[in-house]
Every structure is written in structure tokens, then in C-alpha cells.
Amino acid sequence: MTAQDFILKTYNANVENGSVKWSSPSNIALVKYWGKKEHQIPENPSISFTLSDCKTITEITYSKKEGNDFSFDVYFEGEKNEAFKPKIQTFFERIEAYMPFLKDYHFKIETSNTFPHSSGIASSASGMSAIALCLMSIEQELTDAVTSSAVEKSFFNQKASFLARLGSGSACRSIEGELVVWGKNESTESSDLYGIKFEGDVHANFNNYQDTILLVDKGEKQVSSTVGHQLMYGHPFAKERFAQAHDNLAKLKTILASGDLNAFIKIVESEALTLHAMMMTSMPYFILMKPNTLEVINKIWAFRMKTGSKVCFTLDAGANVHVLYPESEKEIVLEFIEKVLAKYCQNEHYICDQIGKGAELLIKS
Ligand code: DP6
């Protein structure tokens, strides 16, 4: 597939109005995307667990309009929201070439998250993928009207992921579950243009893998991911880092098949710390971890030493800690989180989630 293959060529612009609603999850990367080229093309491949309960629910109501501008309103949790508009405007500009009907309609975009807004959980992956999926359902409605042949599900998902990527890179990994790979690499069939479901063998040890998100810091990050990615240009360790991500993905593929949780822990924790090491060694340098992030990491290591548990951590571009563990350890790890780790979270707040199956269409009318 090339980007050209995603350009919609014919559609029925006589469809007057309609409405679609999708729920789309967040995801947590095991091998991290950090560094991108033009048009949201990643510098290295990444792989993530799709989450189950942390998601964005978005409804788009569309109605035919005149004029040659983008026209949309955004409502977040029931209230009109102007702050999200510039990001969506940029997104529409980036995807217009692939969806030529965007200026034919006014869109009312109503969105909400299942996780608290000011939790420091990035909503760009779930948010952008939810919008992309709604727009794909609208595209499907307009094309079904002319061709009467249903858009293939695989094409639907690929284009939804392709569009989501243009909104936010990691959003392209939120369409499907349970593991998604994005970025060209030797180990899988994935592409730089969109994420694909990981097709390798996955050992039963990873069934219903748990992710408890410790909300160490709910504040706004000092440095956005977009700025962080840019700082990989000219970064002294960039080349080695991008090569390492390829290597880690290849290793993880074998580990996912064998179910070797000790090897899994090594890759996942090393990826998290390398991501933050890249931030600390860029120019300008910055630190997104907080003292409690390190407290939690040390407590997890001590608990593992003491009990032989397979619990581990990963981080995204912030201070919060994702605590990953097999379902078989749910009871002991939750007790550990409650007794030992909760006090490092703001207001003792954490969110229990697990690996999920991907986005869901809720309503189409
Ligand atoms: C650290 O996808 O948020 O979470 O493409 O600029 O929107 P943009 O960045 P974003 O970057 C996410 C980076 C990460 C690692 C990952 O999810 O792979």
C-alpha cells in the first residue's frame, strides 16, 4: 500500500446527513516510537498493547453544507470546547487529500474519555483514532451509496490507522488489538503508514495481561511529545536508538511466542528507561519523571526480588507508571499496589486496565 491508495476517488455527495459513534482505546507501547520524519513517518518501529477500559467515545453528526471551508464544532464532555479545535483543524488539513468530502459537510464532534481528563493519561491516541474511525464510517456511508460494495474491513482498518497516524503517531496503534506494530521492520509485515495487528504467535502468559496505571503526576507535561520527537533530530544517540528499537522488536517477537516473562521484563523496562534517557540527553535536555516515578520503579524491583513476581513497569512520555503483570498475578500485585505503591500516586489514584481488543462501532445512522 502507498499513501495514494488511500485517496478516495468517487463518493456520493448527495448524502444529506447522518451520525456515527465509535469508542477507541488508548495503547501502551512496549517498544517505543520516539523520533519521526515528515508526515508523521516514524524513525523506528514500535509495538504496543491495546488497552481495554481507557478509551475515548466520539460521536460525529454530519450535515451537508455550502462553501469551501472546514466547518466543525467540538464538544468535550458535554461542553463546547474551543481548545481542541486547532488540533482538529490541522488534522483535517492533513487528511483532506484522502477524504475530499470533508469540506462538503458540517461536523458536530462530541467526545468524552472514560478516564479523568486531568490524569496525565495522553488522550491523543484514543481521541485521534476515534475521530479517524468516525470519518471512515462516514466515508463508507458515502461510498456504499455509489458502489454498493462494502468497504473491506481490512482496508477500513488500514485507512483508519493511516488517518489516525496523521493526527498523532501513536493513535495509529489504537484501531485493533491486542498487540499492534507500526513502522517498517524486518520482523513483521508492518508499514510506516499505518499500524497492523501483530500476527506472530502469542503465548498464553500474555492473555489478559494487566496494566495498572499509577497516576504519579496529573499535571500538564512541561514538554509535549511532538517537541520531544523533534529533539531526536541531531540527537547524538539517535542512530543507535533507532537500530536498538528494530533489534528489540525482533527479540520481543520471539519472547511473545515463547512466553519468557523474564526476557519480556528486560526489553520492556529497558525501552522505558531508554525513552527517558533520550529525553535527558537531547539538547535542550529535559526530565519528565518525578521523584515518585523513581520510588515506584525501585519498589517494583524490590518486590520482584523478594517474591519472584513477574511484575514490571513501562513509562510513556510523562511521570505516570504503567505497571504490567500477568493475569495469574492479579491478586498479589494489586495488593502490592494498594499497600505499597498507591501512596506515590496523586491522591492515591490509579487506574486498573488490561490488554484489549480494539475500537468498537457503537452507532451508525
Ligand atoms: C512516548 O504519538 O503522542 O508515547 O505523533 O507527535 O502525536 P505525535 O506523538 P505521540 O508520541 C508518543 C510517544 C510515546 C511512545 C509511544 O507511544 O510509542
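The values are calculated or read from the model by the stated rules, or taken from the named source; none is laboratory data. Given the structure is predicted, the values throughout are model-derived calculations rather than measurements. Because the Cβ atoms are built from the backbone with ideal geometry, glycine has one as well, and the counts that use them run over all protein chains shown. With ligands, DNA and RNA removed, areas are computed over all heavy atoms of the protein, side chains included. Shrake-Rupley method; radii C 1.70, N 1.55, O 1.52, S 1.80 Å.
Output the Kirkwood hydrodynamic radius of the chain, Cα pairs only, in Å rounded to one decimal.
Details: mean 1/r = 0.0475 Å⁻¹.
Mean inverse Cα-Cα distance, inverted, gives 21.0 Å.
Does anyone have the angle between helix 238-258 and the longest principal axis of the chain? Alpha-carbon axes, 0 to 90°, nearest 10?
Around 80 degrees separate the two axes.
Expressed in nm to one decimal, what extension gain is obtained for the pair Gln244 and Glu82 from 0.36 nm per residue of sequence separation less their Cα-Cα distance?
Here the segment from Gln244 to Glu82 would lengthen by 54.3 nm.
Before I look further, what does the chain give for accessible area per residue, probe 1.4 Å, in whole square angstrom?
44 Å²
Can you tell me the orientation of helix 85-95 relative to the chain, as the angle in degrees between its alpha-carbon axis and the longest Cα principal axis, to the nearest 10?
Its long axis makes an angle of about 70 degrees.
Tally Lys/Arg at +1 and Asp/Glu at -1 over every other residue whose Cβ is under 13 Å from the Cβ of Thr143; what's the total?
-2
Can you compute the label reach from Met1? Point 7 Å from Cα along the Cβ direction, backbone N cut-off under 18 Å, restricted to segment 322-365.
The answer is 358-361.
Ranked highest first by average number of other Cβ atoms within 10 Å, how do 319-332, 56-69 line up?
Most protected by this proxy first, the peptides run 319-332, 56-69.
Subtract the Cα-Cα distance of Glu329 and Cys352 from 0.36 nm times their separation in residues, and report this length gain in nm to one decimal. Please report the intermediate quantities before stating the final value.
On the way: separation 23, 0.36 × 23 = 8.28 nm, distance 1.36 nm.
This chain segment gains 6.9 nm when fully extended.
Based on the mean of other Cβ atoms within 10 Å per residue, sort peptides 285-296, 71-82, 17-28 so the most packed one is first.
17-28, 285-296, 71-82
I need the fraction of alpha carbon pairs in segment 251-328 separated by more than 19 Å, rounded to a whole percent.
Working: 1206 of 3003 pairs.
Distances greater than 19 Å cover 40 percent of the Cα pairs.
Given the pairs Lys239/Lys330; Lys32/Lys197; Lys290/Lys357; Lys65/Lys85, which are separated by over 27 angstrom at their Cα positions? Show your work: numbers first, answer last.
Values: Lys239/Lys330 38 Å; Lys32/Lys197 16 Å; Lys290/Lys357 32 Å; Lys65/Lys85 19 Å.
Long pairs (Cα-Cα over 27 Å): Lys239/Lys330; Lys290/Lys357.
Can you pull the percent of segment 1-157's accessible area that's carbon plus sulfur, 1.4 Å probe, other chains left in place?
Taking all protein chains in place, segment 1-157 shows 47 percent carbon and sulfur surface.
Please give the FRET efficiency for His39 paired with Tyr75, using the beta carbon to beta carbon distance and R0 = 30 Å, rounded to the nearest 0.05.
Working: r = 29 Å, r/R0 = 0.98.
Plugging the Cβ-Cβ distance into 1/(1 + (r/R0)^6) gives 0.55.
Jot down the radius of gyration and Dmax of segment 154-203, Cα atoms only, both in angstrom.
10.2, 33
By how many degrees, 0 to 90 and rounded to 10, does the Cα axis of helix 291-307 deviate from the longest principal axis of the chain?
That helix lies at roughly 60 degrees to the long axis.
Could you tell me the calculated FRET efficiency between Phe237 and Ala204, based on Cβ-Cβ distance and R0 = 45 angstrom, to the nearest 0.05?
Step by step, r from the Cβ atoms, then E = 0.75.
In square nanometres, what is the average projected area of the Cα convex hull of segment 309-352?
One quarter of the hull surface, i.e. the mean projection, equals 3.2 nm².
Can you give the percent of C-alpha pairs in segment 184-223 whose distance is more than 11 Å?
So the portion of pairs separated by more than 11 Å is 79 percent.
Taking all pairs of different Cα atoms in segment 83-202, averaging 1/r and flipping that mean, what Kirkwood radius in angstroms comes out? If you can, show how the numbers build up before the last one.
Numbers: mean 1/r = 0.0651 Å⁻¹.
15.4 Å is the Kirkwood radius here.
Report the extension gain between Glu189 and Met305 in nm, rounded to one decimal, defined as 0.36 nm multiplied by the number of residues separating them, less their alpha carbon distance. Mind dumping the intermediate values first?
Details: separation 116, 0.36 × 116 = 41.76 nm, distance 3.75 nm.
Gain on extension, Glu189 to Met305, equals 38.0 nm.
With viscosity set to 1.567 mPa s and temperature to 4 °C, compute the Stokes-Einstein D of segment 209-354, Rh being the Kirkwood radius across alpha carbon pairs; µm²/s, no decimals. Working shown, then result.
Numbers: Rh = 16.2 Å.
Estimated diffusion coefficient is 80 µm²/s.
Applying 1/(1 + (r/R0)^6) with R0 = 41 Å to the Cβ-Cβ distance of Asp144 and Phe286, what FRET efficiency is obtained, to the nearest 0.05?
My answer for the efficiency is 0.30.
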